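The values are calculated or read from the model by the stated rules, or taken from the named source; none is laboratory data. Nothing here was measured: the structure is a model prediction, and the numbers come from that model. Cβ atoms come from the backbone with ideal geometry, glycine included; neighbour counts cover every protein chain shown.
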Amino acid sequence: MLMKRVIVCLDVRNGQVTKGVKFQGNVDLGDPVDYARRYYQQGADELVFYDITASAEGRTLFVEVVRRVAAAIFIPFAVGGGIRSVDHMRAVLTAGAEKVSLNSPAVREPDLLTAGARAFGCQCVVLGLDAKRVPASAAIPSGYEVVIEGGRTPTGKDAVAWAKEAEARGAGEICLNAIDTDGVRQGYELTITRMIADAVRIPVIASGGGGKPEHLTAAVTTGGADAALVASMVHYGDYTVAAIKAEMAAAGVPVRL
Amino acid sequence: MIGVVDYGLGNLHSVLKALAHHGAAAELVATPAAVAGCSRLILPGVGAFADGMRGLRERGLDEALVAFAASGRPLAGICLGAQLLATTGEEFGTHVGLGIIPGRVVRIPAEAVKVPHVGWNRLVAPVGRSWSGTPLVGTVAGTWAYFVHSYHVVPDDPQDVLAVTSHGPHTITAAVGRGAITGFQFHPEKSGQAGLAMLRLFLGESL
């Protein structure tokens with residue numbers, strides 16, 4: 001039986017781990033390799049690094065971060081943020097990442113998912129989907145709209161429909177980030193998580209809102225997710241990954257201990 | 001010399017880093033002569049079966065690998081590399097493989113489960129199969145390994161199945177083995193300390 005995964009998310013800006021709240025304001029936390037090693041030793045199942053750097057120098061720095069992380073940990077990790085071409089995907093995969101996460105560029109240019117899947121296999125292509133609660137309408141029947149550019153720009157796309165389309169185009173996993181609950185640590189958005197988990201046949205990672213171990217348990221049971229992403233709750237030392245997984249196991253969730 | 005086969009596909013970096021972690025000086029090998037000069041060989045790879053075979057053939061590495069395996073030197077395939085050891089692959093049409101471990105590469109049945117099979121799952125030996133003398137010898141049954149795949153190897157001879165894992169109601173081949181040949185369907189280089197131990201044993205070191 002596949003274990004439910006606990007994935008630690010690290011935002012990287014100019015080569016440093018950083019954490020923001022609701023996409024507003026960021027605090028630099030330290031060297032990504034130190035964080036990677038710490039979470040590897042704590043039993044994280046996977047890591048994901050998002051490059052939130054705006055500058056070209058920062059991007060070059062990020063590939064170097066990927067290379068250094070790959071030498072330090074022996075679990076899979078994904079990278080995302082600003083990846084807009086197959087060549088860029090190749091650069092980070094060659095540097096040692098297992099997967100690339102495509103978010104806004106996949107919305108603007110959906111063929112990117114297909115091109116990535118053809119070049120590297122579906123398993124390498126994660127769709128990053130930011131969803132925001134809106135009144136249900138004919139165009140957005142699920143009541144969750146896809147938003148891009150860190151939540152600033154609505155797209156008019158229905159989150160569930162986009163998840164299905166991305167699967168058909170070659171995405172191998174979906175990382176669903178609920179904008180409304182991101183960074184506030186009050187629990188994942190279980191409604192949209194469940195809707196998407198039921199709508200696609202590829203694994204779904206719940207993201208946005210993890211604050212306590214029971215939130216992760218809810219995401220992978222009630223929410224139907226295959227994995228849950230954590231950031232703040234481990235970065236600030238409130239919990240270790242091991243402690244989270246121990247509580248999930250005690251609640252009957254199959255996790256790797 | 002320990003060689004890691006470079007045939008234009010795959011996460012070579014991760015394998016090299018995992019070997020370097022053991023202080024093993026592995027080199028990328030991309031020619032038949034370089035393959036022939038190795039004492040141990042790792043065939044990594046991610047991607048589609050046909051692309052993998054094309055990459056090997058274009059470099060004349062297919063025959064070199066068959067000859068290497070026949071010489072009795074240790075050879076390990078990882079993920080797609082494990083699948084290429086089989087006779088045929090059924091991903092996007094039927095394609096001829098290396099035929100080093102007779103068998104077929106077939107899609108994981110989709111009933112009641114998600115495919116690709118992505119994540120951590122437990123390794124178990126098939127009934128009557130011993131891990132003695134294989135890179136899994138130090139592995140405790142039930143140990144977790146990291147998988148990412150949609151196809152798996154079904155060897156003609158069930159004795160060539162070294163380890164299995166359960167995905168919903170399905171039993172999936174997790175590793176194949178025959179003599180000095182091992183095919184890891186999971187990624188030992190991404191399976192934490194347990195995976196690193198398997199690589200160390202493959203390198204002929206003790207735990």
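Of everything in the stretch B:181-201 that's in contact with a helix residue (DSSP H, G or I) (Cβ under 8 Å, 6 or more places away or on another chain) and away from every other protein chain (no Cβ under 13 Å), which residue is farthest from B:I108 (Cα to Cα)? Among those that are in contact with a helix residue (DSSP H, G or I) (Cβ under 8 Å, 6 or more places away or on another chain) and away from every other protein chain (no Cβ under 13 Å), it is B:I181.
State yes or no: is A:G156 of a type outside the set (K, R) and either within 14 Å of chain B (Cβ to nearest Cβ) or not in a strand (DSSP E or B) (or both)? Considered against the rule, which asks whether it is of a type outside the set (K, R) and either within 14 Å of chain B (Cβ to nearest Cβ) or not in a strand (DSSP E or B) (or both), A:G156 comes out as no.
Scanning the stretch A:187-210 for residues that are in a helix (DSSP H, G or I) and in contact with a helix residue (DSSP H, G or I) (Cβ under 7 Å, 6 or more places away or on another chain) yields A:L190, A:I192, A:T193, A:M195, A:I196, A:A199.
Using the structure shown, decide if B:W120 is more than 14 Å from chain A (Cβ to nearest Cβ) and either more than 25 Å from A:I205 (Cα to Cα) or not in a loop (DSSP other than H, G, I, E, B) (or both). Criteria not met by B:W120.
The set of residues in the stretch B:33-89 being within 13 Å of the chain's Cα centre (by Cα), assigned to a helix (DSSP H, G or I) and of a type in the set (A, V, I, L, M) consists of B:L80, B:A82.
Do any helices (runs of 4 or more DSSP H) entirely within the stretch A:50-127 hold 1 or more residues that are surrounded by fewer than 24 Cβ atoms within 10 Å (Cβ to Cβ) and within 14 Å of chain B (Cβ to nearest Cβ), and if so, which?
A:56-72, A:86-94, A:111-120
Would you please name the residue that is nearest to A:K99 (Cα to Cα), looking only at residues in the stretch A:179-194 that are surrounded by 22 or more Cβ atoms within 10 Å (Cβ to Cβ) and at pLDDT 95 or above? Among residues in the stretch A:179-194 that are surrounded by 22 or more Cβ atoms within 10 Å (Cβ to Cβ) and at pLDDT 95 or above, the one nearest to A:K99 (Cα to Cα) is A:T193.
Scanning the stretch B:145-179 for residues that are within 14 Å of chain A (Cβ to nearest Cβ), more than 16 Å from B:E90 (Cβ to Cβ) and not in a strand (DSSP E or B) yields B:G168, B:P169.
Against the numbered list (1) surrounded by fewer than 22 Cβ atoms within 10 Å (Cβ to Cβ); (2) touching a Gly at 6+ places or on another chain (Cβ under 7 Å); (3) within 14 Å of chain B (Cβ to nearest Cβ), A:S232 comes up short only at (3).
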